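Take a look at the structure set out below.
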Amino acid sequence: MQVWLERMTIEKNIESKSFPSVEAMLVDYRPEVPVYCLRKKRIQRNARDFVNNFPGKVLYAVKCNPHPWVLDACHVGGISDFDVASLEEVKLIRERYNNSTPYFQHPVKSRSAIRNSYRLHGVRHFAVDHLSELSKVVDEVDDTRGVTVYVRLATPPGGASEHFSDKFGASIDEAVSLLNRVRNTGFKCALSFHVGSQCYDPCSYQTALSVVGKTISRARVPITALDVGGGFPASYPNMALPPLADFMKAIVEGVAAIGLGHEITLLCEPGRALVADGVSVVTKVYLRKGERLYINDGIFGSFAESSSNQFQLPARLVRLDGPIGNGLKPFTVFGPTCDSNDQLPQPVCLPEDICEGDWIEFSLLGAYSNALNTNFNGFRGCMFVDIDDT
Ligand SMILES: Cc1ncc(COP(=O)(O)O)c(C=O)c1O
């Protein structure tokens, strides 16, 4: 709780009120700062669907959106286990939920984060992808027998908007020796991978699972758990995607193909797929110069990740005073800072008569948006509201 109270002092104007629509919220607040419009019920439903369809345990990847309402919505939707990447995230989860299990799945941790998460917060699941990281875990835990160590495998590139395995992940050779060291040290052995974020090809999971199969048959150590990571996609308009069911099917078939059965716990760590469509951001137009619009949010705020990945976001104009003209045209949209890079990557189609004081609602901004918001040029201010329009 403490962690979030601290953040709330930065993100002023946090609201707990619920509104039936974005328009109703705008009538009440006429906000000058960007407004994160959370749909708690949508996130609850996404979580519930995921839990019902994934053939194992679903951990929510806290980094994706650590807002307490988002965590609570996932929790209400049936998720009580969380993928965490830092001691702060461990504390956040531990302080918020009694019955939760944090899994420290970041393969690079400080010694103090390992020590304190183990000793003070009871963390018993750690990922590693290198012998030096394993040595740190060995040094910092008292009893290796109660701890599961996940050896994170690198996966082949392709099939996802963001590839992670240039930064993290052991090769099969490295994983085989790591697993043997894990077992000899007394830990329970497990494997994990992440196919990359916004994965658009279900075959990526099958390819990664065949790497798992090769590793297991060469390592010859008993594996207690397999974590297939995150990467499940959101439906951005400029990306054609197979349905989520195809990803689940690929995983079920991929696990069966390498001969793993009920003796192992299967886990996954979705972030984006649970929350992307659960949040929109309402921004205000500060200035129009011909076909250029200057708004109060940009790439140093809510649009950092969507811009760097070129994700297209649905956008609609909201005007409280007066009708909106019929014609649409593309506008270049700039963020509020003095930095010339602060520009959305694609033109945004909006009504021709858009003007200063109008609001624009951008949808599909639940993932890696508020989590990456900076205070650059002093533009961190924002509000969170619940919109119950689903
Ligand atoms: C270890 C780990 N797990 C899960 C996730 C969540 O990924 P996604 O939002 O693509 O589902 C990430 C994202 O960075 C990650 O690094």
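The values are calculated or read from the model by the stated rules, or taken from the named source; none is laboratory data. A quick note: this is a predicted structure, and the numbers were derived from the prediction, not measured. Backbone-built Cβ (ideal geometry, glycine too); neighbour counts: all protein chains shown. Just so you know, the surface numbers come from the protein's heavy atoms only, side chains and all, with ligands and any DNA or RNA stripped out. Shrake-Rupley method; radii C 1.70, N 1.55, O 1.52, S 1.80 Å.
Observations on the model:
- Pick from the stretch 233-254, criterion hydrophobic (A, V, I, L, M, F, W, C) and without any contact (Cβ under 8 Å) to a residue 60 or more places away in the chain, ranking: nearest to the ligand (Cβ to nearest atom): 247
- Sole exception among (1) open to solvent by 20 Å² or more (accessible area, probe 1.4 Å); (2) in a helix (DSSP H, G or I) for residue 208, by number: (1)
- Note on the stretch 128-153: residues that are open to solvent by less than 30 Å² (accessible area, probe 1.4 Å) and under 30 Å from residue 309 (Cβ atoms) amount to 7.
- Selection status of residue 240, open to solvent by 60 Å² or more (accessible area, probe 1.4 Å) and closer than 22 Å to residue 47 by Cβ: no
- Test: residue in the stretch 110-122 that is within 13 Å of the ligand (Cβ to nearest atom) and either touching a strand residue (DSSP E or B) at 6+ places or on another chain (Cβ under 6 Å) or modelled with pLDDT of 95 or more (or both): no
- Filter pass, residue 202 being more than 10 Å from the ligand (Cβ to nearest atom), closer than 24 Å to residue 305 by Cβ and surrounded by fewer than 18 Cβ atoms within 10 Å (Cβ to Cβ): no
- Candidates 138, 149, 70, filtered to the one that is among the aliphatic types (A, V, I, L, M) and part of a strand (DSSP E or B): 149
- Residues that are farther than 18 Å from residue 36 by Cα number at least 3 in the following strands (runs of 3 or more DSSP E) confined to the stretch 279-390: 279-289, 292-295, 328-334, 348-351.
- Single residue of the stretch 358-390 satisfying the filter (closer than 16 Å to residue 337 by Cβ and crowded, with 19+ Cβ neighbours inside 10 Å) that is farthest from the ligand (Cβ to nearest atom): 379
- Selected residue (criterion: modelled with the lowest pLDDT) from residues of the stretch 260-270 that are open to solvent by less than 60 Å² (accessible area, probe 1.4 Å) and over 16 Å from residue 232 (Cβ atoms): 261
- Condition check for residue 194: in contact with a Lys or Arg (Cβ under 8 Å, 6 or more places away or on another chain), within 14 Å of the ligand (Cβ to nearest atom), open to solvent by 10 Å² or more (accessible area, probe 1.4 Å) and not polar (S, T, N, Q): yes
- Every residue from the stretch 22-48 that is β-branched (Val, Ile, Thr) and open to solvent by 60 Å² or more (accessible area, probe 1.4 Å): 27
- Across the stretch 211-232, the qualifying residues are those that are part of a loop (DSSP other than H, G, I, E, B) and within 16 Å of the ligand (Cβ to nearest atom), and the one among them that is farthest from the chain's Cα centre (by Cα) is 228.
The rows are residues; the columns are (1) farther than 15 Å from residue 269 by Cβ; (2) open to solvent by 50 Å² or more (accessible area, probe 1.4 Å); (3) within 16 Å of the ligand (Cβ to nearest atom); (4) outside the structural domain of residue 193 (by TED's automatic domain parsing).
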position	(1), (2), (3), (4)
50	no, no, yes, no
62	no, no, yes, no
80	no, no, no, no
86	no, no, yes, no
98	yes, yes, no, no
